[in-house]
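Asker: My questions all concern the structure below.
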Amino acid sequence: MRHTLGGSIMGTVLEARHIYKSFVGVQALKDINIKIESGKIHCLAGENGCGKSTFVKNISGVYTPDSGEVVLNGSLYHCLTPAQAMKEGIQVIYQDLSLFQHLTVAENIAISRLKSDRKRIVNWKKVREIAGEQLDKIGVRMDIDQPVGEISMANRQITAICRALAQDARILFMDEPTTALTKTEVDRLMKIMLDLKKKGLAVIFISHKLDEVFSVADTITIFRNGEKIGDFESKELDKKSLSYHMTGREVEYPRYRRSVKDDTPVLEIEDLTRKGQYESLSLTVRSGDIVGVTGLLGSGRTELALSLFGLNPADSGRIKIDGKEAAISSPMAAKKLGIALLPEDRFRQGLFVDREVKENISSAIIDDISGKGLLDKDREKKVAEDYTRQLKVRTPSVETAVGTLSGGNQQKVVIGKWTAAKPRVFIMDTPTVGIDIGSKAEIYEQIHKLAADGMSIIFISDEIQEIIANCNRVMVLADGRCVRMLEEEDLKENAEQTITELIGRHAEETAKGGAL
């Protein structure tokens, strides 16, 4: 229902008043009051499951609040529909972007505008004009005839932004937009957001990366357990105070120190090469090591991880386990050698999202908990309960579908699955991507415990502070080559600056067409 209240007041384009929303007895939102102003970047911060996404869906008409009201551009709504929200200028860019992979950039940008025109024949000249106009608005040049499925994640983000602008977006929600971007791409996206702000758009930015939040946010609204903790000017907070408000406790990321005395190599790679991906990589990993592998996206770090797990066999070089050369041609071969992989994309590659927590945790040890061809259900449940307790997985029970859990708890389930298999070498590819600060601390704690108990861990991340906190040795990659191996002594002072400079110098040289 809509009632006209007149023009917006003091630049306020969106106001949520006393929003309540519950699901099956769970209070997801409780008395939420927020004002969003044009020409501002407003960040929503909070742990996974705190209510941010539920709030966005209530504001965009996907959910109907149990009570409360929304004022958009001076018009009052009690029961907002998605069509009404879009008509008022609300556009939401979700993490999956919701683009058509087989359509071109131009078609994706123009499709919603064309749909609203209700023409039965497509005017291809107009399609290109619409796409070109939106790209000009944000000062970006792209090949608009390229299929979206063939472009980078950064350019997909830009395509989604242009699609929103083509629909006359005035209030733009961006949910974790930088998850899969390189630092250079993140910097470009931040600039685009700031330019949109100058043009008068209200941008609502959701991110777990606190550096990004402080680099662009004017105002930060903090959620915790479905309630609003407060609205803060960005300058009122720092990382420590923001973390405290989000979690209700002091969050510390203690440095990892290797305590295992045995220096015998568990895993050795010698001159490993995969043409076009990485070249002549050598690395030794001991029991109790957490070896960081860092570099920009495209540096070869994920490709190396896949090779060690048998999904991307190297063209040349050697891999040794306990001093013996090993042929790793498949994940099954890797598993038999005691190698596990926590993949970069947990949702598509690490979990059976429609299955229960216990089924996910037991999936890597089916043979161990089966007898005479039959699964021991009691043992499966006990193993799952042991690891959910050990890893502090927040779930109603181990019979809960894993897809209903928060991102942090899903990641803990993947860690639990492979920990149950008791690997010698655990490769973790961006283990905390898209995870809130509280869950990060708990995951770090578990990783440190695994290493202290003698497990060898390879920790892949582009977050340098995360690498420094969790790793006792670090390999820095650029364009598939190791540009520096930092040992324990190198990490004691100015390590973050050293790694940042190495990566930044290489990025500059690459941009100039040179080489490091």
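Where a number appears in this text, it was derived from the coordinates with a stated rule and is not lab data. These numbers come from a predicted model, not from an experiment. Glycine also receives a Cβ, built like all others from the backbone with ideal geometry; neighbour counts cover every protein chain displayed.
Asker: For the stretch 188-286, state the semi-axes of the equivalent ellipsoid (square roots of 5 times the eigenvalues of the alpha-carbon gyration tensor), sorted largest first and rounded to whole angstrom.
Answerer: After diagonalising the Cα gyration tensor, the semi-axes are 41, 24, 10 Å.
Asker: In addition: From the cross-link list Lys21/Lys449; Lys52/Lys183; Lys30/Lys119; Lys261/Lys335, which pairs have alpha carbons spaced over 32 Å apart?
Answerer: Details: Lys21/Lys449 39 Å; Lys52/Lys183 25 Å; Lys30/Lys119 44 Å; Lys261/Lys335 26 Å.
Lys21/Lys449; Lys30/Lys119, as the Cα separations exceed 32 Å there.
Asker: HN-Hα J couplings of the stretch 186-201 from phi, Karplus 6.51/-1.76/1.60, θ = phi - 60°, integer Hz, Gly and Pro as x?
Answerer: Computed from phi, the couplings for the stretch 186-201 are 4, 4, 5, 5, 4, 5, 4, 4, 5, 5, 5, 4, 5, 7, x, 6 Hz.
Asker: For the stretch 471-481, just list the computed ³J(HN,Hα) in residue order, Karplus coefficients 6.51, -1.76 and 1.60, θ = phi - 60°, integers in Hz, with x standing in for Gly and Pro.
Answerer: Karplus-based 3J(HN,Hα) across the stretch 471-481 equals 10, 9, 8, 9, 9, 9, 10, 8, 6, x, 10 Hz.
Asker: What is the distance in Å between the Cα centroid of the stretch 399-433 and that of the stretch 49-109?
Answerer: About 31 Å separates the Cα centre of the stretch 399-433 from the one of the stretch 49-109.
Asker: Determine the calculated [θ] at 222 nm for the chain from helices alone, applying -39500 (n - 2.57) to every DSSP H run no shorter than 4 residues and normalising by the residue count; nearest 500 deg cm²/dmol.
Answerer: Numbers: 16 runs with 175 residues, N = 516.
The helix contribution divided over the chain gives -10000 deg cm²/dmol.
Asker: Compute the semi-axes of the equivalent ellipsoid of the stretch 84-194, taking the square root of 5 times each eigenvalue of the Cα gyration tensor, and list them largest first in whole Å. Present the calculation step by step, with values, prior to reporting the outcome.
Answerer: Details: eigenvalues 93, 55, 31 Å².
Rounded to whole Å, the semi-axes are 22, 17, 12.
Asker: Here's another thing I want to ask about it. Debye calculation, C-alpha points only, no solvent: report log10 I(q)/I(0) for the stretch 139-257 at q = 0.11, 0.17, 0.18 Å⁻¹, in the same order as the q values.
Answerer: -0.46, -0.95, -1.03
Asker: Moving on to the next point. What Kirkwood Rh does the stretch 16-118 have if only Cα atoms enter the pairwise 1/r average? Answer in Å. Before the final figure, lay out each step's value.
Answerer: Working: mean 1/r = 0.0649 Å⁻¹.
Its Kirkwood hydrodynamic radius stands at 15.4 Å.
Asker: Can you tell me the order of 137-150, 431-444, 376-389 when each peptide is scored by its average per-residue count of other Cβ atoms within 10 angstrom, highest first? Mind showing how you got there, number by number?
Answerer: Values: 137-150: 14.5, 431-444: 21.9, 376-389: 16.6.
Ranked by mean Cβ neighbours within 10 Å, highest first: 431-444, 376-389, 137-150.
Asker: Taking each pair of different alpha-carbon atoms in the stretch 281-331 once, compute 1/r for the pair, average those values, and report the inverse of that mean as the Kirkwood hydrodynamic radius in Å to one decimal.
Answerer: On the way: mean 1/r = 0.0822 Å⁻¹.
About 12.2 Å for the stretch 281-331.
Asker: Another question about this same structure. So, by mean Cβ neighbours within 10 angstrom, what's the order for 413-420, 395-402 with the highest one leading? Let's see the in-between values first.
Answerer: Numbers: 413-420: 23.8, 395-402: 17.1.
Top of the packing list down: 413-420, 395-402.
Asker: If you don't mind, there's one more thing I want to ask. I'm checking a number: the convex hull volume of the Cα atoms of the stretch 214-369, normalised per residue, in Å³. What is it?
Answerer: Details: hull volume 31.0 nm³, N = 156.
Value for the stretch 214-369: 199 Å³ per residue.
Asker: Could you give the length gained on full extension between Lys239 and Ser330, defined as 0.36 nm per residue of separation minus the Cα-Cα distance, in nm? Walk me through the numbers before you get to the answer.
Answerer: Working: separation 91, 0.36 × 91 = 32.76 nm, distance 4.26 nm.
Taking 0.36 nm per residue and subtracting the Cα distance, the gain is 28.5 nm.
Asker: Over 16 Å apart: what share of the alpha carbon pairs of the stretch 347-422 falls there, rounded to a whole percent?
Answerer: In whole percent, the long-distance tail amounts to 39.
Asker: Something else now. Could you sort 237-249, 455-467 so that the peptide with the highest average Cβ count within 10 Å comes first and the rest follow in order? Spell out each step's value before the answer.
Answerer: On the way: 237-249: 16.2, 455-467: 22.0.
Listed from highest to lowest mean packing, they are 455-467, 237-249.
Asker: Next question, about the same structure. Can you pull the semi-axes for the chain, root of five times each eigenvalue of the Cα gyration tensor, sorted largest first, whole Å? Let's see the in-between values first.
Answerer: Values: eigenvalues 339, 156, 104 Å².
Largest first, the chain gives 41, 28, 23 Å.
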